[in-house]
Amino acid sequence: MPPSRLVHAAIRRALRPLPLALAALLVTPSLAAASASAQGPAVIVKVHQASGLISPYFQLSGRPGRTLRAGGLELVNPTSGRVRVQLDPVDAITTNTLGSAYTLAGVGTHGATTWLRLSHQNVTLAPHASQDVSVDVAVPPTATPGDYLTGVSVEALGQTQQTTVTRGVAIGEIDRYAIGVEVQLPGARHPALRLTGASIAREPSGLAFLLAATNPGNVILKDVHGWVRVTDGNRLVAATTVQPGTFVSDTSITYPLRAAREQPAPGASYRVRATLYYAGLIARLDTTVRFSHAAAVTQQNYGGRKLPRSTPPWREIALLLLALGLLAAADWALLRRRWRLSRTAGLKLLNRSVARQGELPVSILLISANRANTAPIARALRPRLRGTDRICDLGQDGLLVICPTTSRAATTALRRDLYEQLARHRDLADLPIEITISTAVRPTTSATLLERAISARQHQPQALVDRPDAGTTAAPER
């Protein structure tokens with residue numbers, strides 16, 4: 001079963017529904033993507049089910065309190081060198097646009113994933129050799145009836161990214177398998193799907209309506225489909241057809257519907273209606289969402305619609321005079337905030353942000369370029385950052401942008417926005433500039449977070465800044 005290869009040119013597209021037997025999860029990124037490398041995988045994985053069933057993933061039935069033999073994974077080294085392979089149990093999830101997928105190794109396991117038992121988690125394969133790894137499922141006595149999906153991640157360590165550069169566009173990839181393990185326990189089945197609400201958010205790429213849905217039942221729902229529609233009075237704002245996909249049991253999603261050209265004023269309200277069909281049943285939602293003042297501020301910070309003028313001119317003059325007095329008193333602090341922090345000060349700030357008492361998640365962007373261009377790059381990017389974002393100078397390691405309380409998805413969109421900003425700059429457009437990102441979702445250290453971004457950078461060569469007409473760019477993610 002060959003591993004899937006994804007390229008980061010598709011990162012802005014909604015994930016298509018994935019089969020329940022998803023056999024690969026992750027390909028590491030580079031600055032942009034146009035096509036995938038033709039290089040073969042570092043390791044080949046073959047699934048041998050104990051039942052003899054021919055399938056790319058394990059399917060088995062059992063009872064609580066018993067250990068089930070799922071079968072084995074045959075690891076084959078097709079190369080002429082030694083290959084180290086790491087195997088890890090990973091949780092199954094539902095992608096936001098429906099489809100089964102699996103989490104990254106090392107982020108923690110839950111539920112049925114804790115039932116998995118692997119005979120080996122680290123294997124070293126000699127050239128052209130193979131080895132079997134048995135997979136068992138220890139079902140606890142307290143397990144309830146239903147369908148359970150989990151997975152086994154298989155990754156060859158020390159892979160070298162295959163990179164191709166064409167017209168300043170770099171392509172990079174690393175193979176990783178995720179073999180599904182579906183366990184069915186006998187008993188009553190209760191298919192359920194709930195549309196629990198909707199929200200509205202302003203992202204760098206535009207306005208997004210987020211439909212919250214959950215599968216609280218004990219059935220893996222297949223062929224879930226329907227529609228979502230957003231209106232403002234009689235005006236259709238956005239609409240989409242939800243293509244058939246899989247909704248894993250005991251998971252939740254926020255289905256995105258984007259309206260890139262919509263720029264509402266604070267307080268604007270929208271009607272969100274949705275219908276999803278599943279297992280002969282229907283889930284419906286009809287609710288109203290309101291565009292908050294905070295979202296309007298974010299919209300303005302991203303270069304969108306300005307906030308309305310709500311005070312008379314004389315009051316504005318009085319407020320201006322008061323503000324000038326406050327600014328004069330706080331001029332030194334404000335001026336220092338606009339300076340690029342030193343490496344020591346920046347790492348101290350980052351450490352406070354990612355420590356246990358910090359406000360997670362925290363994301364960073366590491367900008368690598370010629371040292372002589374550090375100052376103009378900082379000036380060019382500062383208008384695209386929020387007031388809470390801070391830039392610090394790491395010397396030879398480049399510029400570091402610290403983004404407090406910022407999710408991985410928002411940071412990925414911000415990175416794209418910064419690339420476009422650089423591509424429009426008269427003096428920086430043709431320079432090799434690389435941006436990598438890293439996100440902390442639980443307490444860690446600044447050194448660990450920075451090491452991830454530096455490591456992602458070191459796996460690929462620099463590429464020219466993407467121009468707006470040259471396609472989508474992407475930088476390494478972890």
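The values are calculated or read from the model by the stated rules, or taken from the named source; none is laboratory data. These numbers were taken from a predicted model, which means no experiment stands behind them. When we count neighbours, we look across all protein chains shown, and the Cβ atoms used for this are built from the backbone with ideal geometry, even at glycine.
Identify all residues within the stretch 195-206 that are in a strand (DSSP E or B) and out of contact with any Gly (no Cβ under 9 Å at 6 or more places or on another chain); write none if there are none.
Leu195, Thr196, Gly197, Ala198, Ser199, Ile200, Ala201, Glu203
Specify which of the listed residues (Leu75, Leu68) is aliphatic (A, V, I, L, M), more than 15 Å from Tyr148 (Cβ to Cβ) and in contact (Cβ under 8 Å) with a residue 60 or more places away in the chain.
Being aliphatic (A, V, I, L, M), more than 15 Å from Tyr148 (Cβ to Cβ) and in contact (Cβ under 8 Å) with a residue 60 or more places away in the chain holds for just one of Leu75, Leu68, which is Leu75.
What are the residues in the stretch 236-257 that are farther than 29 Å from Tyr148 by Cβ and either of a type in the set (A, V, I, L, M, F, W, C) or at pLDDT below 95 (or both), if any?
Leu236, Val237, Ala238, Ala239, Leu257 - these are the residues of the stretch 236-257 that are farther than 29 Å from Tyr148 by Cβ and either of a type in the set (A, V, I, L, M, F, W, C) or at pLDDT below 95 (or both).
Regarding the stretch 463-476, can at least one residue be identified that is assigned to a loop (DSSP other than H, G, I, E, B), modelled with pLDDT of 50 or more and surrounded by fewer than 20 Cβ atoms within 10 Å (Cβ to Cβ)?
Here is the first cut: in the stretch 463-476, the residues assigned to a loop (DSSP other than H, G, I, E, B) are 463, 465-472, 474-476.
Those still in the list that are modelled with pLDDT of 50 or more too: none.
For the stretch 463-476, residues assigned to a loop (DSSP other than H, G, I, E, B), modelled with pLDDT of 50 or more and surrounded by fewer than 20 Cβ atoms within 10 Å (Cβ to Cβ): absent.
Any residue in the stretch 154-173 that is at pLDDT 95 or above and over 25 Å from Ile220 (Cβ atoms)?
no
For the stretch 78-100, give me the residue count where each residue is within 12 Å of Leu149 (Cα to Cα) and surrounded by 21 or more Cβ atoms within 10 Å (Cβ to Cβ).
Initially, the stretch 78-100 is screened for residues within 12 Å of Leu149 (Cα to Cα), giving 89-94, 100.
Narrowing the set further to residues that are surrounded by 21 or more Cβ atoms within 10 Å (Cβ to Cβ) leaves 89-92, 94, 100.
Number of matching residues: 6.
One line per residue, one yes/no per condition, for (1) buried (at least 17 other Cβ atoms within 10 Å of the Cβ); (2) under 23 Å from Ser455 (Cβ atoms):
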{"site": "Pro361", "(1), (2)": "yes, yes"}
{"site": "Pro383", "(1), (2)": "no, no"}
{"site": "Gln396", "(1), (2)": "no, yes"}
{"site": "Cys403", "(1), (2)": "yes, yes"}
{"site": "Ala410", "(1), (2)": "yes, yes"}
{"site": "Leu418", "(1), (2)": "yes, yes"}
{"site": "Leu428", "(1), (2)": "yes, no"}
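Just to be sure I understand, how many residues within the stretch 339-367 are more than 22 Å from Ile433 (Cβ to Cβ) and not in a helix (DSSP H, G or I)?
Final tally of qualifying residues: 8.
Among Gly180, Gly233, Gly226, which is the only one that is crowded, with 16+ Cβ neighbours inside 10 Å and not assigned by TED's automatic domain parsing to the domain that holds Ser100?
Gly226
So in the stretch 64-117, with the set limited to residues that are within 26 Å of Phe247 (Cα to Cα) and acidic (Asp, Glu), which one is nearest to the chain's Cα centre (by Cα)?
Asp91
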